[in-house]
Amino acid sequence: MENMGSVAIIIVVAALVLAFSSIKIVPQGRQFTAERFGRYTRTLKPGISFLVPFVDRIGRRMSMMETVLDVPRQDVITKDNAVVSVDAVVFIQVIDAAKAAYEVENLRLAIQNLCMTNIRTVVGSLDLDEVLSQPAAMRNPNPIIPSLLMRE
């Protein structure tokens, strides 16, 4: 009889561990990617989510909040061959967690390099006088969003 009681306790404990391992709570401002046997299956939105134990797992934990990214100082040659030092601050926000997680190895580095390339292109197309007198001409009112996050 004592043996049956310990077996029942083991079964109850195993059931509880199984139940708690399948429940995932995603905090506000984040999204998690779910993988089944290592392959992306879906994106978990903020709130409570259920996964199949031992089959599904959390892949990447992505922040969906706006983040500030500092673009390092770089020397740029203007249209009239003057060298100008330029740096920038970029505000980024992930729109699609799955694409941000699986289509680029290092998202922050990719965005930083994209911004540096855009800065070189814009400043390189202006004369030194335009760079110094019209800094607003270099600002883009539309946010720079990498094409990999906007593809459908």
Checklist line | Residue check for THR41: part of a strand (DSSP E or B), at pLDDT 90 or above and over 17 Å from the mean Cα position of the chain (by Cα) | finding: yes
Notebook entry, point to check: Which pairs do you get when a residue that is of a type in the set (Gly, Ala, Ser), found in the range 98-114, comes within reach of a residue that is at pLDDT below 90 and in a helix (DSSP H, G or I), reach meaning Cβ atoms under 8 angstrom, with the pair 6+ apart or on two chains?
Noted result: ALA100/LEU149; ALA110/LEU148
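The values are calculated or read from the model by the stated rules, or taken from the named source; none is laboratory data. Every value quoted in this text rests on a predicted model; they were computed, and no experiment measured them. Cβ coordinates were reconstructed from backbone atoms using ideal geometry, including for glycine residues, and neighbour counts include every protein chain displayed.
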